[in-house]
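Encoded as structure tokens, the structure appears first; notes follow it.
The values are calculated or read from the model by the stated rules, or taken from the named source; none is laboratory data. These numbers come from a predicted model, not from an experiment. Neighbour counts run over all protein chains shown; Cβ positions are idealised from the backbone, glycine included. Areas reflect the complete protein model, heavy atoms only, side chains present, ligands, DNA and RNA absent. Shrake-Rupley method; radii C 1.70, N 1.55, O 1.52, S 1.80 Å.
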Amino acid sequence: MGEVIGFFSTKGGVGKTTMTANVGATLKHEFDFEVLLVDTHILGADLSSHFGLLNPPVHIKDMLSGKLPPEKTIYKDPRTGINIIPGPFHPDTQTSTFKNFKKYLHPIKDDYDFIVVDTPPWLGRETSGIIKGIETAIVVGTPTISGMLEAKRTFDLLTRKKASIGGSIINFYRGFDYELHPEEIEGFLKGVPVLGIIPEDEKIRRSLGYGVPAVISSPKSPGVEAIVEVSSVLADVDYEPPKRGFLSKFFDMFSR
Ligand SMILES: Nc1ncnc2c1ncn2[C@@H]1O[C@H](COP(=O)(O)OP(=O)(O)O)[C@@H](O)[C@H]1O
Ligand SMILES: [Mg+2]
């Protein structure tokens, strides 16, 4: 029976979609799990673009409206073999409700080991149904004061909605002394553990142009290695991160 994991932040641009695409791709490619990715950001959907699909012919609104059964809204990416329920290219003006999100999604849980859900940066009344369908919520934050205020807002909102919060991921780490430490971040989030720290890595941004997640297009880059490590924590599998010697760090500096 698959576990439904969702990446959350009330702020845009922190890496929710990037984590969904790359953690999902890691679970499939590195750890051989059956994975389904779901884009619930219906007003700004871009998860499938990480796989080169810009204008999906079928999408989550077809599932939410009951027009198509969930399995008929799945796009199987031919290059990675990953299954995706994409979001719509055109947001469309009708309000979509996630009232039935859990009802439609959970019956297909048996087909997967993990269902990884990308979420919108607003979690109002229409979208709170997303939270009900998630079994493990992960807060995505950045290691600055403003980043942490937003992570705390996200944490409080998820707590109010009775989500089960599995931890946080700190993205865009740059190694500056003004950045917050994991212990400070955990203090902000009432002891919820920091599961991983992902460095800012140009290869991650670049992968969007290739239409292939960075964990597949640039497996040796530092950001990717951190994502693989955090994926192993989320999936609870033993994983020994590769040892990085001086030379590989030296080459990283010049391959940016
Ligand atoms: N660790 C990282 N290093 C460099 N660029 C990143 C990293 N994480 C995300 N990005 C880039 O930041 C932008 C916003 O990320 P995205 O995942 O779309 O955020 P969100 O879904 O929270 O709005 C994208 O262009 C993505 O490629
Ligand atoms: Mg996004």
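Within the stretch 162-193, the set of residues being crowded, with 19+ Cβ neighbours inside 10 Å and polar (S, T, N, Q) comprises Ser168, Asn171.
Could you please let me know if Pro182 is within 15 Å of ligand 1 (Cβ to nearest atom) and over 20 Å from Pro69 (Cβ atoms)? It is false that Pro182 is within 15 Å of ligand 1 (Cβ to nearest atom) and over 20 Å from Pro69 (Cβ atoms).
Yes/no matrix, rows are residues, columns are (1) closer than 25 Å to Arg205 by Cα; (2) among the hydrophobic types (A, V, I, L, M, F, W, C):
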position	(1), (2)
Val23	yes, yes
Lys28	yes, no
Leu36	yes, yes
Thr40	yes, no
Leu47	yes, yes
Phe51	yes, yes
Asn55	yes, no
His59	yes, no
Lys67	no, no
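If we scan the stretch 69-88, do we find a residue that is in contact with a Ser or Thr (Cβ under 7 Å, 6 or more places away or on another chain), over 29 Å from Asp236 (Cα atoms) and within 16 Å of ligand 2 (Cβ to nearest atom)? No, the conditions are met nowhere in the stretch 69-88.
Taking the criterion of being more than 11 Å from ligand 2 (Cβ to nearest atom) and open to solvent by 10 Å² or more (accessible area, probe 1.4 Å), the residues of the stretch 1-34 that qualify are Met1, Glu3, Thr10, Lys28, His29, Glu30, Phe31, Asp32, Phe33, Glu34.
Restricting attention to the stretch 122-143, the residues being at pLDDT 95 or above and either within 16 Å of ligand 2 (Cβ to nearest atom) or among the β-branched types (Val, Ile, Thr) (or both) number 10. Annotation: of all residues in the stretch 207-241 being loosely packed, with under 12 Cβ neighbours inside 10 Å and part of a loop (DSSP other than H, G, I, E, B), the one that is modelled with the lowest pLDDT is Pro241. Reported count of residues in the stretch 141-156, each being open to solvent by 30 Å² or more (accessible area, probe 1.4 Å) and not β-branched (Val, Ile, Thr), is 6. Selection of first residues in the stretch 113-139 that are within 16 Å of Lys11 (Cβ to Cβ) and of second residues that are crowded, with 23+ Cβ neighbours inside 10 Å and of a type in the set (Lys, Arg), restricted to Cβ pairs under 8 Å at least 6 apart or on distinct chains, gives the following pairs, ordered by first then second residue: Asp118/Lys16; Thr119/Lys16; Pro121/Lys16. Do we have Asp62 as among the acidic types (Asp, Glu), without any contact (Cβ under 8 Å) to a residue 24 or more places away in the chain, more than 16 Å from ligand 2 (Cβ to nearest atom) and over 18 Å from Val224 (Cβ atoms) here? When the stated conditions are applied, Asp62 passes them. Listed by position, the helices (runs of 4 or more DSSP H) contained in the stretch 1-113 that have at least 3 residues being within 14 Å of the chain's Cα centre (by Cα) and within 16 Å of ligand 1 (Cβ to nearest atom) are 16-29.
For the stretch 119-128, does any single residue satisfy the condition of being open to solvent by 10 Å² or more (accessible area, probe 1.4 Å), more than 16 Å from ligand 1 (Cβ to nearest atom) and not in a loop (DSSP other than H, G, I, E, B)? Yes; the residues of the stretch 119-128 include at least one that is open to solvent by 10 Å² or more (accessible area, probe 1.4 Å), more than 16 Å from ligand 1 (Cβ to nearest atom) and not in a loop (DSSP other than H, G, I, E, B). The set of residues in the stretch 183-209 being over 13 Å from Val140 (Cα atoms) and either within 16 Å of ligand 2 (Cβ to nearest atom) or touching an Asp or Glu at 6+ places or on another chain (Cβ under 8 Å) (or both) consists of Ile204, Arg205, Ser207, Leu208.
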